[in-house]
């Protein structure tokens, strides 16, 4: 009798045990109300006795190691962006839940589902694989919904069979690592990095991409078209941000420990200083910080300083401090990171923080200050590693400028 009771209890425990969050490949959808769901992939692994996952976008793998479990509920917190997935593990072992992103004063909520064991992003008609190619450079024009405003971008795509990877370059840098397919005459690309969720569609018509749609986040939508153009290029990124050359350049903000730091401090005197206008919410800033962190370690002993000025979603110092500190630790930043206290969405952000600039056009923006303390050059945006040769060329430009400023007498 006792043996039967034990067996019954073991069986009951098995029946009520929470479903396992399984290791392996997953396919997920962020479910927009308009039905244009944004697909992405991730891989789950065990590491040091806990679950971790990697978001996968083309050649990018973003480590997410803050995962907790309470019963059948799963909390996946992304390393940046004040963003997370909250989901229930279903009896079938899949996920159902919501993507949460902390905005300035509210939370964005988008329904989310994921299926275990699915390794594709978009289904593709293999009978047409390789017959239509989008590989190359494209001049693209995006049009905001219900607006005459347009944005010029340059598309750079690579293709193998039906699989397509690449990005769009624009004034801010790029639209991340995009991955998708050409199936028949249809192009589909997407990306999800924890805060930015993008989905592009278009019809391939010879050297043109027509009827394009660009879906971002929960509701944003633009239309776009493009034509193949090997010579397509953006406006000079050193000409986008203007400054008042007759006004002294200086600022004072608090660092992550609450201490005031000024450009006029002794440590920056007679130094070449790079002032990085950034935000912990900004993926192109993440790419630039990864580069500048190593650059600083290489050039600091030669008389180069870097100061980051953070414009966060909130004006609350403690909230901004927590976000930027996480960012600092992840990229092992050894140069000062200051909190401006002005929100990224403030239309007067330049006037309130850096009145020497006519405007802050985009994030990131890098100000090159010579030994005399004068602004010598300003670079707008940052093209990350997803842009290939553009990224390499841009890094070389930074090295060249800094070396020239170091060699100058003033």
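The values are calculated or read from the model by the stated rules, or taken from the named source; none is laboratory data. Remember, predicted model here, so these are calculated numbers, not experimental data. Cβ coordinates were reconstructed from backbone atoms using ideal geometry, including for glycine residues, and neighbour counts include every protein chain displayed.
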Review point. Listed residues 208, 190; which is surrounded by 21 or more Cβ atoms within 10 Å (Cβ to Cβ) and either closer than 14 Å to residue 99 by Cβ or in contact (Cβ under 8 Å) with a residue 12 or more places away in the chain (or both)?
Key: 190
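Quick check, is residue 136 modelled with pLDDT of 95 or more, more than 27 Å from residue 241 (Cα to Cα) and in the same structural domain as residue 215 (by TED's automatic domain parsing)? If you could, list the steps in order and put the result at the bottom.
Numbers: modelled with pLDDT of 95 or more: yes; more than 27 Å from residue 241 (Cα to Cα): yes; in the same structural domain as residue 215 (by TED's automatic domain parsing): yes.
Answer is yes for this residue.
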Point to revise | Matching entry among 278, 286 (being assigned by TED's automatic domain parsing to the domain that holds residue 402 and at pLDDT below 95) | key: 286
Point to revise | Residue check, residue 168 modelled with pLDDT of 95 or more, under 23 Å from residue 80 (Cβ atoms) and outside the structural domain of residue 366 (by TED's automatic domain parsing) | key: yes
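Go over the candidates 312, 305 one by one and state the one that is under 18 Å from the mean Cα position of the chain (by Cα) and in contact (Cβ under 8 Å) with a residue 24 or more places away in the chain. Full working, then the answer.
On the way: 305 fails: under 18 Å from the mean Cα position of the chain (by Cα).
None of the others qualify; the one that does is 312.
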Practice item. Sort through 246, 257 and tell me the only one that's without any contact (Cβ under 8 Å) to a residue 12 or more places away in the chain, out of contact with any strand residue (DSSP E or B) (no Cβ under 8 Å at 6 or more places or on another chain) and within 17 Å of residue 354 (Cα to Cα). Key: 246
**Study point:** Criterion violated by residue 332 - all others in (1) in a loop (DSSP other than H, G, I, E, B); (2) over 18 Å from residue 361 (Cβ atoms); (3) touching a residue at least 40 places away in the same chain (Cβ under 8 Å) satisfied
**Key:** (3)
Review point. Just checking, how many residues over region 373-406 are in a strand (DSSP E or B) and under 26 Å from the mean Cα position of the chain (by Cα)?
Key: 4
Review point. What number goes with the only condition from (1) more than 25 Å from residue 173 (Cα to Cα); (2) outside any strand (DSSP E or B) that residue 253 does not pass?
Key: (2)
Practice item. Please indicate, with yes or no, whether at least one residue in region 144-165 is in a strand (DSSP E or B) and at positive phi. Key: no
Practice item. Sort out which residues of region 293-316 are touching a strand residue (DSSP E or B) at 6+ places or on another chain (Cβ under 6 Å) and either exposed (fewer than 14 other Cβ atoms within 10 Å of the Cβ) or in a helix (DSSP H, G or I) (or both), and write them in order of number. Key: 296
Check your understanding: on the phi > 0 side of the Ramachandran plot and outside the structural domain of residue 206 (by TED's automatic domain parsing), is that true of residue 93?
Key -> yes
**Study point:** region 174-187, residues that are in a loop (DSSP other than H, G, I, E, B) and either in contact (Cβ under 8 Å) with a residue 24 or more places away in the chain or assigned by TED's automatic domain parsing to the domain that holds residue 86 (or both)
**Key:** 176, 177, 184, 185
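So which strands (runs of 3 or more DSSP E) are wholly in region 1-113 and hold at least 1 residues that are within 27 Å of residue 157 (Cα to Cα) and modelled with pLDDT under 95?
Counting at least 1 such residues, we get 60-64.
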Practice item. Kindly indicate whether any position in region 335-353 is surrounded by 19 or more Cβ atoms within 10 Å (Cβ to Cβ) and free of Cβ contacts under 8 Å to residues at least 12 places away in the same chain. Key: yes
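Return yes or no: is residue 324 within 20 Å of residue 305 (Cα to Cα) and either at pLDDT 95 or above or assigned to a loop (DSSP other than H, G, I, E, B) (or both)? Steps first, please.
Numbers: within 20 Å of residue 305 (Cα to Cα): yes; either at pLDDT 95 or above or assigned to a loop (DSSP other than H, G, I, E, B) (or both): yes.
For residue 324, the condition - within 20 Å of residue 305 (Cα to Cα) and either at pLDDT 95 or above or assigned to a loop (DSSP other than H, G, I, E, B) (or both) - is met.
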Review point. Among the residues of region 342-358, is any modelled with pLDDT of 95 or more and touching a helix residue (DSSP H, G or I) at 6+ places or on another chain (Cβ under 6 Å)?
Key: yes
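Go through 140, 171 for me and flag whichever is crowded, with 20+ Cβ neighbours inside 10 Å, touching a residue at least 40 places away in the same chain (Cβ under 8 Å) and under 21 Å from the mean Cα position of the chain (by Cα).
140
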